[in-house]
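A.B. asks: Let me give you the structure first, and then I'll get to my questions.
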Amino acid sequence: MKITDVVKTIFNTKTDDITCDECFEHIDEYVDMIHAGQDPSEVLPQVKSHLEQCRCCEMEFRALISILEGEIDHADSG
Amino acid sequence: MSERTNQDWLSDLQSESASYVDALEALRAHLERGVFYYLRHDRSDLSQLPDEDIRQMAQDFVQDALIKILDSLETFRGESKFTTWASKIAARVAISELRRVRYKDYSLEHLTAEGEIMPDLASLGVTPEGSPHPENYAEQQEILHMLKDAFENALTDRQRTALSAYIFDGVPVEEIARRMDTNRNALYKLVHDGRLKLKHYMEDQGLSLEYLLSLFG
Ligand SMILES: [Zn+2]
């Protein structure tokens, strides 16, 4: 890790945070809201906050977005 | 793919008729397309693998995911599309498996043994020549000493081990958890509490994120 990532990891920590499982529980709802053009941070602020602090859940979130994109792409073309 | 409603998916996947097989195969094909796409387009670490290997990987991950999906149908609360819910399970299976393979030879031993756990500035990407502000090098070293003090004084032994793996080695929480005989949630909390302690320690020394980013940027 680079030193700038180290200090960001330390300083971007907030007092309240949910667990990874709680984040996972709501992440499908969160992603559907994004796809529907809504802002999920109003309804699920704790998920947004966790994604900003937990790089593992953030990576799974990005993978989910990519997987859904792959599902749609091909469904449209055939 | 035919458009099934959430209710269609649930009743078909819980039925004992031919519609079960139809729904299962439709879901399998759907998830395999998505997982293949993710592995092929978003994983630079897999870019050297041929399509057929990636396809096989996607099939294996989806097979594991389908078992979990069928096992946990009753936990689907209908607050998202069924396919989004199923896809998040596939995403987690795929990533967990890739992490397990990537870190299979990683050990915490170098962090728990007596001795130096702090990497030097060079291994954190900071060298006098490489820095955009070489005149700051002495101060950068000072900050690293402060960080080292924070690690030594503000953390418990377990926090120190977990945080060193998480922050310096970049190891995912579930992989650290496995090696420390705990689960991802508990390990995340241990790391999170430790991060807060380090943050407060550094803030007490008058340091801010903005300042540090300008110093090291
Ligand atoms: Zn998390």
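Every number here is computed from the coordinates shown, using simple stated rules; none is lab data. Everything numeric in this text was worked out from a predicted model, so none of it was measured. As a convention, Cβ positions derive from the backbone with ideal geometry for all residues, glycine included, and neighbour counts pool all protein chains shown.
A.B. asks: For a distance above 28 Å, tell me the whole-number percent of Cα pairs in chain B that qualify.
C.D. replies: 51 percent
A.B. asks: Residues of the stretch A:5-49 with amide nitrogen under 17 Å from the 7 Å Cα-to-Cβ point of A:ILE72?
C.D. replies: A:28-40
A.B. asks: So how much slack lies between A:ARG62 and A:VAL43, counting 0.36 nm per residue of separation and subtracting their Cα-Cα distance, in nm?
C.D. replies: 4.9 nm
A.B. asks: Given only helices, namely DSSP H runs of n ≥ 4 each adding -39500 (n - 2.57), what is the per-residue ellipticity at 222 nm of chain B, to the nearest 500 deg cm²/dmol?
C.D. replies: -21000 deg cm²/dmol
A.B. asks: To continue, here is another question. Using the alpha-carbon atoms, what tilt in degrees (0 to 90, nearest 10) does helix B:18-42 show relative to the longest principal axis of chain B?
C.D. replies: Result, in degrees: 30.
A.B. asks: Per residue of B:76-84, how many C-beta atoms from partner chains lie within 10 Å of its own C-beta, taken as a mean?
C.D. replies: Shielding by partners across B:76-84 averages 5.
A.B. asks: Bins of 10 Å, beginning at zero and ending with the bin holding the largest distance: percent of Cα pairs per bin for the stretch B:142-196, please.
C.D. replies: Reading upward from the zero bin: 26, 55, 17, 2.
A.B. asks: Could you tally the net charge around A:ASN12, taking each other residue with its Cβ under 9 Å from the Cβ of A:ASN12, Lys/Arg +1 and Asp/Glu -1?
C.D. replies: Summing Lys and Arg as +1 and Asp and Glu as -1 gives +3.
A.B. asks: Report, to the nearest 10°, how far helix A:55-77 tilts away from the longest principal axis of the Cα atoms in chain A, using its own Cα long axis and a range of 0 to 90°.
C.D. replies: 10 degrees
A.B. asks: On average, how many beta carbons from a partner chain sit within 10 Å of the beta carbon of a residue in B:175-184?
C.D. replies: Mean shielding by partner chains, rounded to a whole number: 1.
A.B. asks: Can you list the HN-Hα couplings for the stretch B:90-99, worked out from phi with the Karplus curve (6.51, -1.76, 1.60; θ = phi - 60°), rounded to whole Hz and with x for Gly and Pro?
C.D. replies: 4, 4, 5, 4, 4, 5, 4, 5, 5, 5
A.B. asks: Right, next: Round to the nearest 0.05 the FRET efficiency obtained for B:ASP169 and A:GLU25 when R0 = 30 Å and r is the Cβ-Cβ distance.
C.D. replies: 0.60
A.B. asks: Shifting gears a bit: Between B:LEU66, B:LEU121, B:LEU163, which gets the highest mean-square fluctuation from a Gaussian network model of chain B, Cα cutoff 10 Å?
C.D. replies: B:LEU121
A.B. asks: Still on this model: If you plug each phi of the stretch B:77-85 into the Karplus form 6.51 cos²θ - 1.76 cosθ + 1.60 with θ = phi - 60°, what whole-Hz ³J(HN,Hα) values come out, in order, with x for Gly and Pro?
C.D. replies: Karplus values, whole Hz, x for Gly and Pro: 9, x, 8, 9, 5, 4, 5, 5, 4.
A.B. asks: Please give the peptides B:174-180, B:15-21, B:38-44 ranked by average Cβ packing (other Cβ atoms within 10 Å per residue), highest first, as a rough proxy for protection.
C.D. replies: Output ranking for B:174-180, B:15-21, B:38-44: B:174-180, B:38-44, B:15-21.
A.B. asks: Efficiency by 1/(1 + (r/R0)^6): what FRET value for B:ILE67 and B:LYS189, r their Cβ-Cβ distance, R0 = 30 Å, to the nearest 0.05?
C.D. replies: 0.60
A.B. asks: Sticking with the crude label model, points 7 Å out along Cα→Cβ, report the distance from A:LYS2 to B:GLN205 in nm, one decimal please.
C.D. replies: Spacing of the two 7 Å Cα→Cβ label points: 2.1 nm.
A.B. asks: Which of A:SER41, A:SER66, A:SER49 ends up with the largest GNM mean-square fluctuation for chain A, with Cα atoms connected below 10 Å?
C.D. replies: A:SER66
A.B. asks: Let me ask something else. Once the Cβ-Cβ distance between B:ALA26 and B:ASP53 is put in as r, and R0 is 30 Å, what FRET efficiency do you end up with, to the nearest 0.05?
C.D. replies: E(calc), rounded to 0.05, equals 0.75.
A.B. asks: B:LEU196 versus B:ARG178, label points 7 Å from Cα toward the beta carbon: distance in nm?
C.D. replies: 2.9 nm
A.B. asks: In addition: Mind listing the phi-derived Karplus ³J(HN,Hα) values for the stretch B:63-74, rounded to whole Hz, using 6.51, -1.76 and 1.60 with θ = phi - 60°, and x for any glycine or proline?
C.D. replies: Each residue of the stretch B:63-74 in turn: 4, 5, 5, 4, 4, 5, 4, 5, 6, 10, 3, 6 Hz.
A.B. asks: Whole Å is fine, so just give me how far the alpha carbon centre of the stretch B:12-34 lies from that of the stretch B:69-90.
C.D. replies: Value for the Cα centre distance between the two parts: 13 Å.
A.B. asks: Quantify how much of the Cα-Cα distance distribution of the protein assembly as shown extends past 37 Å, in percent.
C.D. replies: 25 percent
A.B. asks: OK, next. Could you list, in their original order, any pairs among A:LYS8/B:LYS199; A:LYS48/B:LYS148; A:LYS14/B:LYS199; A:LYS2/B:LYS148; A:LYS48/B:LYS189 whose Cα atoms are separated by more than 19 Å?
C.D. replies: A:LYS48/B:LYS148
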